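S.K.: Dropping a structure here in structure tokens format, bear with me for questions.
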Amino acid sequence: RVLPELFEEQAARTPQATAVVFEGETMTYADLNARANRLARLLIGRGAGPETRIALALPRSSELITAVLAVTKAGAAYVPLDPGYPPDRIAFMLHDSEPTLLITTSTLANTLPTSAATLPWLLLDTDDTHAHSQRHDPADVSDDERPTPLAPAHPAYVIYTSGSTGTPK
């Protein structure tokens, strides 16, 4: 079984239950699922799928939760990048993980290393991204929409540790 399937089952069982609370904002399972499905379709349209990686340079927020879920629904693995990391650490992680896309916000875009400019970006907080996402179906994403079917053996995320040398591993 895969994570998106398990989440979708929970969303179907308890659609009006609270799924996320962040700084006074509350999101139900139904809302989170719909938002993640729309974003997942946008990501699939930009090349996300099983065996691909999507870098997430986002602050802790409900948008981060939505993006993580959307990446997994697209079938890709997410690569979390703490925006507070030093630029050389972020640059190393981007180079090493070879993501197909970087998701961030317009606020953080100027804080990322210049090497990140070689990747396609998706700025979550723009009106254009929001409008494009809203055009997509809020229903659950199916294997027919992904480049290949999602399987439990596909990676879900790539996590780096600092290592004893300070170089991420």
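S.K.: Going 7 Å from the Cα of Thr107 along its beta-carbon direction, which residues of the stretch 70-87 have the amide nitrogen within less than 11 Å of the resulting point?
M.R.: Flagged as within label range: none.
S.K.: Quick one: compute a quarter of the convex hull surface over the Cα atoms of the stretch 76-147 and quote it in nm².
M.R.: In nm², the orientation-averaged hull projection of the stretch 76-147 is 5.8.
S.K.: For the chain, what log10 I(q)/I(0) values come out of the Debye formula at q = 0.10 1/Å, with one point per alpha carbon and no solvent?
M.R.: Those come out to -0.36, one per q.
S.K.: Which residue, chosen from Leu108, Ala40, Pro15, occupies the Cα position most advanced towards the positive end of the dipole of the chain, where the dipole is computed from +1 (Lys, Arg) and -1 (Asp, Glu) charges on Cβ about the Cα centre?
M.R.: Of the options given, the answer is Leu108.
S.K.: Sticking with this one: Quick check for me: using +1 on Lys/Arg Cβ and -1 on Asp/Glu Cβ, what's the dipole size of the stretch 85-169 about its Cα centre, in debye to the nearest 20?
M.R.: 420 debye
S.K.: Same structure, new question: Note down the relative contact order for the chain as a percent, whole number, built from C-alpha pairs under 8 angstrom at least six residues apart.
M.R.: RCO, the chain: 27 percent.
S.K.: Here is a further query. Nearest 500 deg cm²/dmol is fine: what mean residue ellipticity at 222 nm does the chain get from its DSSP H runs of n ≥ 4 alone, each adding -39,500 (n - 2.57), divided by its residue count?
M.R.: Per the formula, -11500 deg cm²/dmol.
S.K.: Let me ask another. Subtract the Cα-Cα distance of Ser115 and Glu9 from 0.36 nm times their separation in residues, and report this length gain in nm to one decimal.
M.R.: Contour length minus the Cα-Cα distance gives 34.2 nm.
S.K.: Just round it to a whole percent: the fraction of Cα-Cα distances in the stretch 24-105 exceeding 14 Å.
M.R.: I get 60 percent for the Cα pairs in the stretch 24-105 exceeding 14 Å.
S.K.: Continuing with the same structure: Pop a pseudo-label 7 angstrom from the Cα along the beta-carbon direction at both Ala17 and Arg46 and give the gap in nm to one decimal.
M.R.: Roughly 3.1 nm, to one decimal.
S.K.: Further question: Would you give the gap between the C-alpha center of the stretch 86-163 and the C-alpha center of the stretch 42-83, rounded to a whole Å?
M.R.: Their Cα centres are 5 Å away from one another.
S.K.: Counting Lys and Arg as +1 and Asp and Glu as -1, each charge on the Cβ, what is the dipole of the chain about the Cα centre in debye, to the nearest 20?
M.R.: 240 debye
No value in this document is a laboratory result; all are computed from the given coordinates. Everything numeric in this text was worked out from a predicted model, so none of it was measured. A quick note on method: Cβ atoms are made from the backbone with ideal geometry, for glycine too, and the neighbour counts reach across all protein chains shown.
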